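The values are calculated or read from the model by the stated rules, or taken from the named source; none is laboratory data. What you see is a predicted model, and the numbers here were worked out from it, not measured in a lab. Virtual Cβ from ideal backbone geometry, glycine too; neighbours counted across all protein chains shown. Protein only, heavy atoms only, side chains kept; ligands, DNA and RNA dropped before computing areas. Shrake-Rupley method; radii C 1.70, N 1.55, O 1.52, S 1.80 Å.
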Amino acid sequence: MQNCCNSLRILSLIILLSVASIVEAAQSFIVSDIRLEGLEKIPEGTLLNYLPVIQGDPLDSKQVIFAIKELYKTGFFADVQLFRDGDALVVRVKERPSITDITFDGNSDIDDETLEEAMKGVGLAKGRIFNRTLLEKLTQELEGVYFSQGKYNVKIDAEVEELDMNRVNIDITISEGIKSRIKQINIIGNKVFDDEKLLDEIQLGIPSALAFFSSTDEYSKPKLQADLETIRSYYLDRGYIKFNVDSTQVSITPDKKDIYVTINVSEGEKYTVGDVLLTGDMVINKKVLDLLISTKSGDTFSRKLMTQSQKSIEDRVGMTGYAFAKVSVLPEINDEDRTISLTYNLDPGRKVYVRRITFFGNFKTRDEVLRREMRLMEGSVLASNKLERSKIRIQRLSYVEEIELETRPVPGTDNQIDIDVTVTERLSGSFNIGAGFSQAQGLLFNVGLTQENLMGTGQSLSLNVNTDRANTVYSISHTDPYATVDGISRTISASYRKRDAAQEEIANYLSNSYGVNLSYGIPMTEVNTLRLGIGYNAIDLRVGSSPSLDVIEFIAKNGNEFDNFSFTASFSHDTRNRTVFATRGSAQTVASNITVPGSDLEYYKLSYDTKFYFSMTQSLTLLLHSDLAYGDGYGETDELPFFERYFAGGLRTVRAYNTNSLGPRDLLSNDPIGGNLRVVGGADVIFPIPFMEKPPSSVRLSAFFDIGNVFLDKAPTFNSTENGFDAGQLRTSAGLSFVWLAPIGPLRFSYGTALNDVPGDDLRPFQFSIGSFF
């Protein structure tokens, strides 16, 4: 390679001297004109800009050599010659070809875009000038990309295809080969924590024999760097402030299949926290900030706690408008007693104000609909917690798919910012005519007009007709989320329902009912809502063939036509980040529904529903949920009416058991009759679709565990001899669930196994619902 480079230098010098001699043969002259020859794509102005000669300059042999060197340095030209024609300077060039296209073949692990970015690092890209001498660098650069991913067997072949009009294509063929696997990781120098403990903390490693699809033994340089930082953090969070990774060695076997990693460390001594001070400009009470410091004198030093303390102070000060507050930590190390004293210095900066709030992307939604969800106003101080709450409130709107908030400092000021809110709207209106099938409800038919964002006002209107083998339902509802300027919502609804309970495999009766309801939602705080409502419901009952005994007894005692006026009240605490497919936060609701004294039937229903979402990892979410409900009669009504009872079993309660099959049963027909107490709970571990880099947001997979049943005060639950609640009769199940919010409607599937079923339980391991709303 060195001999080749020397030959090129000698050849270039000969060319320069020979070309220069063409001009040197004549006497030096004053350039009266400059003529350019050979240009095809490069503008004349570009060449003249690089040419260190202009009209009127004297020109001699030294200046000719310098001019040729300068033009070659641009990389635009394969050949440069200078001639004299009278007093004119003639510059004759041959342009290098331009790159028309770059194609890759054989790359499956690394996409084209990543490889093209690597090529730009050596100066090769579509539209650029092609320099053949860069091909070797190109191969080395692409190999480096693959080496960093553990692909040491990669082979790269680059071919240049010459085209007309001085153009070329670069065709790159890649044989990626198999990924090299880690055979062993050695950590040398560790005494406090053994290899097993440290290796458990990092990504790379040797998978177990049962981990068939594990990628922990797939080496890559970014993974190794991340693991080194993980080990460093592990020590720093346990007091070893002078821990250091001295070196790392990565060796590969001659066949390039196995990799051995050696990590050399120095642990140092363990340090505890000495004095802890808080200094700076205390714009809020110092005692409040002192409580946010997690590093306490005498405790083992932890970098994690120190960083958390910094952020906590900055966030708390940011809540008062000091959005750009900074907390710096000044450590003082005492090696004699192995302590580290920490001084947290607060620099709040100036209080920041919001100058302007601008919305983008809301092509359908009115500006004021989004603005009313903002917890900040133009002219107010920039409180960091209110900014985050504004984002969550807009993100929770059903007609907003995504939201981005950007704060921009106002030029010329140091205490004002503009807020840009960019939203991506989702379809909010639909007219549906469709059908589906559910194991529990049979053939479904629905006609619906739904508008979640009526004319961009944020109001919702819904008109629906839904039928299945057991129910025919006509309903209409309208909700104004801001019926008042204070954010009190109002919902008006009306419905008619015709029900054949026998088709639901519960007590045999027919009912026709209609009702109207009016309710208001009153926001108590950002996360707490009180809902109050009144309603009227009329119901007409008819018994079918072979009705259950409690149906006959109830109608005989109370009649079969009822007019009921009801009062509803509920209190909700909701901190979820989304209303659909949440990943963090919780939702808890306590609700009551009581018929007004003097109604034909006097009864009440109470319920407590909870959902708690916990982030287990970046991609795993734990959902804990419960549903407790109880109802009874009062006044002239001895019990909860049978048509208001609770049921359990099926997709919405205890999966793997048939819908509505759990709880007490009729003594004659053995059909479920429901209960006045429902106890249901469970846990779901929600995970992304395997083998997909970016799973769709409309799909959710989970592994579930369900527990629950219904109980009746006056009758025993199936397979029990005790009336009312019996903890021993709680049924359990476990399995997998799949939910997809498809264009045709929600699709829900589950496959589960009953864990403590008894003979006679109606089991359904596989359950599904298509086109049914839930």
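Cα extents for the chain along the principal axes, largest to smallest and rounded to whole angstrom: 129, 70, 62. Gyration tensor over the Cα atoms of the stretch 70-191: the corresponding equivalent ellipsoid has semi-axes (square roots of 5 times the eigenvalues, largest first) of 42, 18, 9 Å. Rolled with a 1.4 Å probe across the full set of protein chains, the surface gives Met524 an accessible area near 110 Å².
The alpha-carbon atoms of the stretch 115-265 define a convex hull whose volume equals 149 cubic angstrom per residue. Which distance in Å, rounded to a whole number, links the C-alpha centroids of the stretch 521-581 and the stretch 285-309? If you average the Cα positions of each part, the centres end up 51 Å apart.
Quotient of the Cα radius of gyration of the stretch 555-612 and 2.2 N^0.38 Å, N being its number of residues: 1.65.
Distance cut-off 26 Å, Cα to Cα: go down the list Lys364/Lys498; Lys120/Lys391; Lys498/Lys605 and report the pairs above it. Those over the limit are Lys364/Lys498; Lys120/Lys391. For the stretch 211-344, relative contact order (Cα pairs under 8 Å, six or more residues apart, normalised by length) works out to 23 percent. Applied to the stretch 364-373, the Karplus parametrisation 6.51 cos²θ - 1.76 cosθ + 1.60 on θ = phi - 60° returns per-residue 3J(HN,Hα) values of 10, 7, 5, 4, 5, 5, 6, 5, 6, 7 Hz, with x for Gly and Pro. Ordered by 1.4 Å accessible area with all protein chains kept, Ser511, Ser592 run largest first as Ser592, Ser511. Taken over the Cα atoms of the stretch 545-651, the convex hull encloses 137 Å³ per residue.
Rounded to the nearest angstrom and listed largest first, the equivalent-ellipsoid semi-axes of the stretch 651-693 from its Cα gyration tensor are 34, 12, 5.
Here the 3J(HN,Hα) profile of the stretch 308-315, calculated from phi with Karplus coefficients 6.51, -1.76 and 1.60 at θ = phi - 60°, is 4, 5, 4, 5, 4, 5, 4, 5 Hz, Gly and Pro shown as x. Against the main long axis of the alpha-carbon atoms of the chain, helix 221-236 sits at an angle near 70°.
Mind checking the dipole of the stretch 120-169: about its Cα centre, +1 per Lys or Arg Cβ, -1 per Asp or Glu Cβ, Debye to the nearest 20?
On the way: 8 positive and 8 negative charges, 53 e Å.
So the magnitude is around 260 debye.
Remark: the chain carries a charge dipole of roughly 900 debye about the Cα centre, counting +1 on each Lys and Arg Cβ and -1 on each Asp and Glu Cβ. Residues Ile178, Ile594, Ile284, sorted by accessible area with the largest first, give Ile178, Ile594, Ile284 [1.4 Å probe; ligands and nucleic acids excluded]. Tilt of helix 2-24 relative to the longest C-alpha principal axis of the chain, in degrees (0 to 90, nearest 10)? Tilt relative to the chain: about 60 degrees. Close amide H pairs (under 5 Å, H built 1.01 Å from N) link Glu401 with Thr424, Glu425, Arg426, residues at least 5 positions away or on another chain.
Restricting the stretch 572-658 to trypsin sites (Lys or Arg not before Pro) that sit in a DSSP loop and have at most 16 other Cβ atoms within 10 Å of their own Cβ leaves Arg578, Arg584, Arg652.
Report, in debye and to the nearest 20, how large the dipole of the stretch 618-741 comes out about its Cα centre when Lys and Arg carry +1 and Asp and Glu carry -1 on their Cβ. If you can, show how the numbers build up before the last one.
Details: 9 positive and 14 negative charges, 135 e Å.
Around 660 debye, computed over the stretch 618-741.
When only Cα pairs under 8 Å and 6 or more residues apart are kept, what is the percent relative contact order across the stretch 662-733? After rounding, I find 32 percent.
Mean projection of the Cα convex hull over all viewing directions, computed for the stretch 591-642: 4.6 nm². Computed over the alpha-carbon pairs of the stretch 130-184, the distance histogram in 5 Å steps reads 4, 17, 24, 19, 13, 10, 6, 4, 2, 1, 0, 0 percent, short to long. Here the calculated FRET efficiency for Lys257 and Val288, from their Cβ-Cβ distance with R0 = 41 Å, stands at 0.10, rounded to the nearest 0.05.
With Kirkwood's inverse mean 1/r over C-alpha pairs for Rh, give me the Rg to Rh ratio of the stretch 288-349, two decimals please.
Numbers: Rg = 12.6 Å, Rh = 12.3 Å.
My calculation puts Rg/Rh at 1.02.
Subtracting the Cα-Cα distance of Lys155 and Gln140 from 0.36 nm times their residue separation leaves 4.4 nm of extension gain. Computed on the Cα trace of the stretch 206-339, the radius of gyration divided by the Kirkwood hydrodynamic radius gives Rg/Rh = 1.13.
Looking only at the chain, where both bridge partners belong to it, what percent of the DSSP beta bridges are antiparallel (to the nearest 5)? Once the DSSP bridges in the chain are tallied, antiparallel ones form about 85 percent. Asp500 sits with roughly 40 Å² accessible to a 1.4 Å probe, with DNA, RNA and ligands left out of the calculation.
When Leu405, Leu736 are compared by accessible area of protein heavy atoms, the largest-first order is Leu736, Leu405, using a 1.4 Å probe. The stretch 611-680: percent of C-alpha pairs farther apart than 14 Å? Roughly 69 percent, once rounded to a whole number.
Positive contributions from Lys and Arg (+1) and negative ones from Asp and Glu (-1), summed over other residues with Cβ under 10 Å from the Cβ of Val739, come out at +2.
Grouping the Cα pair distances of the stretch 290-423 into 10 Å bins from zero gives a pair-distance distribution of 11, 33, 25, 18, 10, 3, 0 percent in increasing distance order.
Within the straight-line cut-off of under 25 Å between alpha carbons, the lysines reachable from Lys183 are Lys151, Lys155, Lys191, Lys197, Lys221, Lys223, Lys256, Lys257, sequence neighbours fewer than 8 places apart in one chain being disregarded. Across the stretch 354-359, computed HN-Hα scalar couplings (Karplus, 6.51 cos²θ - 1.76 cosθ + 1.60, θ = phi - 60°) run 8, 7, 8, 10, 10, 10 Hz from first to last residue, x flagging Gly and Pro. To the nearest 10 degrees, how steep is helix 549-558 against the longest Cα principal axis of the chain, on a 0 to 90 scale? That helix lies at roughly 70 degrees to the long axis. Based on C-alpha pairs under 8 angstrom that are at least 6 apart in sequence, the stretch 108-247 has a relative contact order of 17 percent. Its Cα gyration tensor gives the stretch 647-734 an equivalent ellipsoid, and the semi-axes of that ellipsoid, as √(5λ) in whole Å with the largest first, are 34, 12, 9.
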